[in-house]
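Heads up: the structure comes next, in structure tokens.
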Amino acid sequence: MYGIVNKAIEDLIISNFGLDKWEKIKERSGIDLDFFISNESYDDTITFQLAQSVSEEMNISISEVFVAFGEWWVLKTTNEKYSGLMQSGGNNLKQFLINLPLFHNRVVFIYPKLTPPEFRVSEVLDNSLQLHYYSKREGLQEFVRGLIQGLGKYFETEVEIELLASRNEGDDHEIFLIKWQ
Ligand code: HEM
């Protein structure tokens, strides 16, 4: 994944827990890099190694790491660096989710070698919809949950998220039922 993803994990740790904690996490991960370059591609294993080390060092589950990271990604990383792009996604949670399937088409202009997630929406009602998540990568479903929670906070909208289907349960993609007020 592009370095901006690993850098965002680094920012999350340093902003909340300080530089010492980050140094410990990096040491634990065995990753021998001084820093990440945002627009350079890194092997996906680096991101998963980092998440694993955060989990061990902070004594929280890997799911909790990805949920926290998803929220951070929306509320800090993208909002600070790409606020215009975020604003172009929609004026409220429902609109943003409906537009989500096309969102990374614009991100590709910034990161041409992107391997983006794929989203589809279905069963759209006034206060709910189903979000279908397809990915070439395994293990990021809780990241998606965190991203949706982050979008709820971004639009100051209370959200409820229920996982209806998952690759862990033998389906070929994840389906999230998202409800809002
Ligand atoms: C300005 C906003 C955004 C930017 C710049 C951005 C950029 C990126 C980048 C660089 C990656 C790494 C993929 C790679 O390097 O191959 C990524 C992955 C991902 N993004 Fe975004 N993204 C944005 C917003 C969002 C939002 C709002 C969502 C969903 C609610 C989202 C969902 C994901 C997911 C789930 C992945 C993991 C890839 C996978 O599942 O295979 N992103 N994005």
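Things to note:
- Single unsatisfied condition, residue 131 versus (1) exposed (fewer than 15 other Cβ atoms within 10 Å of the Cβ); (2) of a type outside the set (D, E, K, R); (3) within 9 Å of the ligand (Cβ to nearest atom); (4) part of a strand (DSSP E or B): (1)
Matching residues to (1) buried (at least 17 other Cβ atoms within 10 Å of the Cβ); (2) on the phi > 0 side of the Ramachandran plot; (3) touching a strand residue (DSSP E or B) at 6+ places or on another chain (Cβ under 6 Å):
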position: 10; (1), (2), (3): yes, no, no
position: 72; (1), (2), (3): yes, no, no
position: 90; (1), (2), (3): yes, yes, no
position: 118; (1), (2), (3): no, no, yes
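- Scope the stretch 55-90; condition among the polar types (S, T, N, Q) and under 22 Å from residue 109 (Cα atoms); matching residues: 77, 78, 79, 83, 87, 88
- Odd one out for residue 8 among (1) under 13 Å from residue 143 (Cβ atoms); (2) free of Cβ contacts under 8 Å to residues at least 60 places away in the same chain; (3) within 11 Å of the ligand (Cβ to nearest atom): (2)
- Cβ-Cβ under 7 Å pairs, at least 6 apart or on other chains, the stretch 84-105 side of a type in the set (A, V, I, L, M, F, W, C), far side near the ligand (Cβ under 10 Å from one of its atoms) and part of a helix (DSSP H, G or I): 85/106; 86/78; 86/79; 93/151; 96/151
Taken together, the values in this text are just the output of simple stated rules run on the coordinates, not laboratory data. This structure is a prediction, so every number in the text was calculated from the model and none was measured. Backbone-built Cβ (ideal geometry, glycine too); neighbour counts: all protein chains shown.
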